[in-house]
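Q: The structure's right below; bear with me while I get my questions together.
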Amino acid sequence: MIRSMTGYGRAVGVDGGMSVTIELKSVNHRFFEFNAKVSRGYSYLEEKLKGLVQQYVFRGKVDCFVQIENEETQDGVVSINASLASGYYEALRTLCETYHLHMSDNVDILASHADIFNVKKPPVDEEKIWSFVKGVATQALASFIEMRETEGEKLKTDVLSRGDAILSCVDFIEERSPQTVAEYNEKLKARIKELIGDAAVDEQRLLTEAAVYADKIAVAEETVRLRSHIDQLRTFFQSEEPIGRKLDFLVQEINREANTIGSKASDIPIARKVIEIKAEVEKIREQIQNIE
């Protein structure tokens with residue numbers, strides 16, 4: 001299934017007092033890039049989420065937003081570092097005695113020193129939390145991939161239609177090209193007759209000139225390769241693997257053949273068809289930049 005690199009997916013899960021909301025967004029990127037924003041205290045989930053997403057996404061810049069609310073989290077146990085508190089107290093008492101300051105029992109001064117207090121939080125079952133988050137992430141990922149596949153089908157339809165348009169131009173060029181040789185031959189005869197009048201014309205020389213011209217403007221090899229490239233384009237779209245990079249290379253080859261035909265063409269109708277081909281190639285190039 002062809003996938004776009006643009007996608008969005010969202011899922012929400014509730015288990016007891018825990019609520020998890022996960023959003024996935026992606027845009028086109030040359031490689032795979034993953035960024036996660038996870039609620040404070042759950043940063044250990046980032047690498048796990050990256051590994052999960054990377055199993056299904058091969059290219060694109062993916063942003064993952066994870067919001068976790070846990071009402072069942074047990075409060076931490078607060079204890080006092082008595083020796084440190086005593087040290088602060090004695091230091092304050094000495095300060096007051098030295099500078100003749102009033103010593104009060106106000107605890108605000110001591111409370112401002114956070115290192116006096118030790119907060120011990122209960123152990124967290126990370127695997128249990130990951131198991132739940134993974135389930136929600138899998139749902140979001142399914143929605144995310146579905147959107148990428150839907151967009152991918154649209155891209156596929158558009159690109160193949162432009163490939164058909166290129167083949168239509170190739171048909172015209174192959175049909176028109178032999179006619180240009182005959183027209184050149186007639187123009188050459190007319191020009192010679194204009195110059196020498198009724199004098200005898202060297203038919204062999206005319207045939208040689210026509211053959212040289214025909215070889216110069218021959219585009220059969222290029223049109224055959226163009227047809228082959230379009231066939232390969234269709235084959236790529238039947239693949240189950242990411243094809244974005246392959247398509248990028250193939251479009252370069254299609255453009256190269258079009259340029260060669262354009263450099264050889266001395267016929268206006270053919271030149272116009274070459275311009276049409278190049279226009280379609282550019283539109284294809286734009287589209288495949290978003291294909292995984």
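The values are calculated or read from the model by the stated rules, or taken from the named source; none is laboratory data. Predicted model, so just to flag it, every value in this text is computed and none were measured. Cβ: placed from backbone, ideal geometry, glycine included. Neighbour counts: every protein chain shown.
Q: Answer yes if at least one residue in segment 41-58 is modelled with pLDDT under 95 and of a type in the set (D, E, K, R), and no otherwise.
A: No, because not a single residue in segment 41-58 is modelled with pLDDT under 95 and of a type in the set (D, E, K, R).
Q: Can you find even one residue in segment 47-68 that is touching a residue at least 24 places away in the same chain (Cβ under 8 Å) and over 30 Å from E292 (Cα atoms)?
A: yes
Q: Please state which one of S43, S26 is small (G, A, S) and within 20 Å of I129 (Cα to Cα).
A: Exactly one residue qualifies, and that residue is S43.
Q: Whether any residue in segment 90-107 is in a loop (DSSP other than H, G, I, E, B) and among the basic types (K, R) is what I want to check.
A: Within segment 90-107, none of the residues are in a loop (DSSP other than H, G, I, E, B) and among the basic types (K, R).
Q: Among the residues of segment 127-136, is there at least one that is basic (K, R), surrounded by 14 or more Cβ atoms within 10 Å (Cβ to Cβ) and closer than 30 Å to P269 by Cβ?
A: No, segment 127-136 has no match at all.
Q: Another question, then. If I filter segment 242-292 down to residues being aliphatic (A, V, I, L, M) and not in a helix (DSSP H, G or I), which single residue comes out as nearest to C169 (Cα to Cα)?
A: Filtering segment 242-292 for residues that are aliphatic (A, V, I, L, M) and not in a helix (DSSP H, G or I), the one nearest to C169 (Cα to Cα) comes out as A265.
Q: Something else: Based on what the data block shows, is D231 among the acidic types (D, E) and more than 29 Å from Q179 (Cβ to Cβ)?
A: So D231 fails the test.
Q: Sticking with this structure for a sec: Specify the residue that is modelled with the lowest pLDDT; the eligible residues are those in segment 197-241 that are buried (at least 17 other Cβ atoms within 10 Å of the Cβ) and part of a loop (DSSP other than H, G, I, E, B).
A: Filtering segment 197-241 for residues that are buried (at least 17 other Cβ atoms within 10 Å of the Cβ) and part of a loop (DSSP other than H, G, I, E, B), the one modelled with the lowest pLDDT comes out as V219.
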